[in-house]
Structure formats: C-alpha cells, structure tokens
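Encoded as structure tokens, the structure appears first; notes follow it.
The values are calculated or read from the model by the stated rules, or taken from the named source; none is laboratory data. Computed from a prediction, not measured in an experiment: that's the story for all the values here. Quick reminder, even Gly has a Cβ in these numbers, built from the backbone with ideal geometry, and neighbours come from all protein chains shown. Ligands, DNA and RNA are excluded from the accessible area calculation, which covers all protein heavy atoms including side chains. Shrake-Rupley method; radii C 1.70, N 1.55, O 1.52, S 1.80 Å.
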Amino acid sequence: MPTKVAYKLFTETHVFDELTDKQSRILIAAIKIFAKKGYSNSSTKEIAEAAGVAEENIFNRFTNKYGLLQAVIKPVTRSIFPATFSQFTDAKLIVRDTDLHDFVKAVIEDRIKFMKDNADVLKIFIAEMIYDDQLRTDFQAQFANSAISYLKTIDQNLKIFKQKQALIDWENPEILRIMWSMVAGLVVSYLFFNQPVTTDKINHTVDALTKALSKDRID
C-alpha cells in the first residue's frame, strides 16, 4: 500500500493533517481501489480490508462510500487550477520577458507534471465526472470558486501577449478551450490507455499550440 508521500496533492493541501492514521490508510486504500476498479465496482468492505481497519471506521469519518469519494476528489477541485501564475512549476517565468512558445510550454509542462504526480486521483475524478450527474453538479458549484483566480491570472497573461502582437486576437475563452482540449488528449491517453507522455509528445503539443495561436500564423 502506498504511503502518504505518494499522494502529493493531499500532502500539499494538508488533507492528511486532519486525519488520524487509520483514516489516512482508509483514504489511501480508497484511492487505489477506486482507480483500479471504479467507484461503482468497489465496496467499503474491501477498502476497509485493504486499509487494515474495521468497516465502521469508514462510516465514522466519511459517513458512506460517496462521502469517501468526495474526500478523494475535493482536493482535486481546489488544486486543478493554480490560483496565480507564480504557482506553476516554472515560477520564474515572467510573461512580459518571454515569448509565446515558452509561456505555452510552461503551462503545459506544469499541468502534465500535476497529472503524473496525481494520476490515480485524477483518474477517479475524470471517470466519475463522466458518469455521475450529482458529482458534476457539485463540481460546477466548486469550480466557480476554485478557478476564478486562475482564470483572472491567465486572462491577464493572454492580454499581455496580444498587446505584444504575439497572440492571435481571439476571445480568451476560445484560446483556453483550444489549449486545454489538447492537454486533455494527453491526459486521457495517459490515464486510461497507458500511453506514455514523452518529452517529444509534449514538445509536439507545445509547437502545435504555439503555431495555432500565434499572431503570425498562416490563415
């Protein structure tokens, strides 16, 4: 069974700080089992057995299996979008002093790293978002709060590139949709089809996006 250290998202957001050792083992067991078998095909009994605790320990802290699922995915909602650009891996990148290619590369590489660091949790999150109407509704409500700072920051950065005549003059939501749709392709292939995200694949994605979004692109 992986330890707390294996779940960077949960250690960075101090989730384990609020849990006892037993509760932490339950959460870790749930992540592994949900990721492997899917939420609907998993039971609290097998999660308790994997965690080495009595099943009532799950109910005492998480109420039921859905409450345990919520405990798994809520940190994703809070962390999937960095609040400021300085929270990206390449924190030294300053938009005014870089070009569009390096900006796109920094954003994509950071989110790919986030995906690799939290693969099991993101697999659960994406799979359940597809099938669970209530989960989608809950996420949409949380999304408005968690993404607002990110969207504001990224919007300001895109405006700077437009002022520099480096970025195509499209609406910023359309630019973001194109960026994240290409990133989503890498994410889905990695999480659900075991396709490696190599440096070449990342570079090709960055090059394609830079070309598509460049002010000087050929129409």
Given (1) of a type outside the set (S, T, N, Q); (2) within 19 Å of residue 76 (Cα to Cα); (3) modelled with pLDDT under 90, index of the condition residue 192 fails: (3)
Positions within the stretch 161-175 being surrounded by fewer than 16 Cβ atoms within 10 Å (Cβ to Cβ) and either touching a Pro at 6+ places or on another chain (Cβ under 6 Å) or polar (S, T, N, Q) (or both), in sequence order: 163, 165
Residues that are touching a Leu at 6+ places or on another chain (Cβ under 9 Å) and either free of Cβ contacts under 8 Å to residues at least 12 places away in the same chain or closer than 19 Å to residue 101 by Cα (or both), drawn from the stretch 184-196: 195
Flag if residue 209 is of a type in the set (A, V, I, L, M, F, W, C), more than 30 Å from residue 120 (Cβ to Cβ) and open to solvent by less than 70 Å² (accessible area, probe 1.4 Å): no
Residues within the stretch 35-50 that are surrounded by 14 or more Cβ atoms within 10 Å (Cβ to Cβ) and modelled with pLDDT under 95, tallied: 3
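For residues that are polar (S, T, N, Q) and farther than 20 Å from residue 7 by Cβ, scanning just the stretch 51-66, find the one that is most open to solvent (accessible area, probe 1.4 Å).
The extreme case among them is 60.
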Tabulated pairs, the stretch 20-35, first among the aromatic types (Phe, Trp, Tyr), second at pLDDT 95 or above and surrounded by 20 or more Cβ atoms within 10 Å (Cβ to Cβ), C-beta under 7 angstrom, 6+ apart or interchain: 34/42
Test result for residue 153, within 17 Å of residue 107 (Cβ to Cβ), open to solvent by 80 Å² or more (accessible area, probe 1.4 Å) and hydroxyl-bearing (Ser, Thr, Tyr): no
Residue among 102, 120, 110 that alone is free of Cβ contacts under 8 Å to residues at least 24 places away in the same chain and charged (D, E, K, R): 102
Failed criterion for residue 206 (all others in (1) assigned to a loop (DSSP other than H, G, I, E, B); (2) over 19 Å from residue 80 (Cβ atoms); (3) in contact (Cβ under 8 Å) with a residue 60 or more places away in the chain; (4) not polar (S, T, N, Q) hold): (1)
Test for residue 178: is it more than 15 Å from residue 102 (Cα to Cα) and part of a helix (DSSP H, G or I): yes
